[in-house]
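Some notes on the structure that comes next.
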Amino acid sequence: MLDDIKTAVVTGGGHGIGRAISRRLAKENIHVVVADLDQAAAERVAVEIGGSAFSVDVGEEADIRALIDEVETGIAPIDLFVSNAGVGHGDGDSGAASAEGGMVPVDDRWDACWKINVMAHVYAARHLVPLMKERGGGYLVNIASAAGLLSQIGDAAYSATKHAAVGFAESLAITHADDGIKVSVVCPQAVATRMIGIEDDSKDFSGGFGGNDVDGILSADEVADIIADGIEAGRFLILTHPTVTTYVERKAADRDRWIDGMRRFRQKLIETNSADDSGNKA
Ligand SMILES: NC(=O)c1ccc[n+]([C@@H]2O[C@H](COP(=O)([O-])OP(=O)(O)OC[C@H]3O[C@@H](n4cnc5c(N)ncnc54)[C@H](O)[C@@H]3O)[C@@H](O)[C@H]2O)c1
């Protein structure tokens, strides 16, 4: 499968998982277009891997359209599009439905999550699927999260939009399999990136936000290898952490019991975090 891919676009390719995927695909002799809001980071990665850089805000449809048009006309037809860029801002003080984020203040974190975690995938498909259909196929990889199958405690907007991303990927796969278009959705748990408070290239994974390390933190490179294997196998659901399968089964078997378990886990996290806080002040 990877042998058939000559040109790929990776959004959010300047840092974290996207950077690792870009590097991994380049090792397969794929020309990678590294697209990111952080233009300098995209350029750094593109220079390193001999790819191209593109400045884009994936939450803006015009930006995605321009990215696809310019790659298709100026470089080559896009065989693989990895919608990887994503954001999470944490629940605000007023809880799950609040607009203001906890980690990074934004105007409206629900709006930001909706545009970047969901609509970016829709925009990419909207503009690429007709082109891929015309040439008889292509590959779309959408990075969601285990939060899209389970839940991210402390981030309702992230959880809900990642569920939507999984649902959209399912619809794409069902609708366009007969057009020769492959779709994968990737649902990782914790990965050592800036999203969970760990800087790129840090070897110390202990700085992440509380609770993320419950089932272990993988490096972005490990995750990129698993994603490459998943693409090679043409698998729809790419899971990076084996425990997620068990949790999904438990959730499906008894939703009330699962909610109660998550509620208790949340309490435990709050207690642990307040114990840490008092320790720091001592
Ligand atoms: N790190 C984790 O624990 C984890 C777990 C599950 C899923 N994910 C998902 O993996 C994907 C990559 O996240 P990461 O952990 O590498 O995070 P990261 O913050 O390290 O990297 C995200 C990249 O996306 C770029 N980006 C952000 N908003 C953008 C926008 N509007 N347009 C273009 N680029 C934008 C950033 O500049 C950055 O380069 C996200 O979709 C995230 O939700 C991460």
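Tabulated data for the structure shown
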read-out: Residues (at pLDDT below 85 and assigned to a loop (DSSP other than H, G, I, E, B)) located in the range 69-96; value: ASP93, SER94
read-out: Matching option when the condition is over 21 Å from GLY59 (Cα atoms) and either of a type in the set (Ser, Thr, Tyr) or not in a loop (DSSP other than H, G, I, E, B) (or both), among LYS162, LYS133; value: LYS133
read-out: Pairs, first in a loop (DSSP other than H, G, I, E, B) in the range 190-206, second among the polar types (S, T, N, Q) and more than 10 Å from the ligand (Cβ to nearest atom), C-beta under 6 Å, six or more apart; value: ALA192/SER219
read-out: Every pair of residues 6+ apart whose Cβ atoms lie under 8 Å, when the first sits in the range 4-15 and is at pLDDT 95 or above while the second is of a type in the set (Lys, Arg) and within 11 Å of the ligand (Cβ to nearest atom); value: GLY13/ARG19; GLY14/ARG44; HIS15/ARG194
read-out: Qualifying residue in the range 31-48 (condition: part of a loop (DSSP other than H, G, I, E, B), within 15 Å of the ligand (Cβ to nearest atom), surrounded by 21 or more Cβ atoms within 10 Å (Cβ to Cβ) and of a type outside the set (A, V, I, L, M)); value: no
read-out: Criterion (polar (S, T, N, Q), touching a residue at least 40 places away in the same chain (Cβ under 8 Å), in a helix (DSSP H, G or I) and assigned by TED's automatic domain parsing to the domain that holds SER171) met by exactly one of ASN117, ASN142; value: ASN117
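The values are calculated or read from the model by the stated rules, or taken from the named source; none is laboratory data. The model shown is predicted, which means the values in this text are computed figures rather than measured ones. Note: ideal-geometry Cβ built from the backbone for every residue, glycine included; neighbour counts use all protein chains shown.
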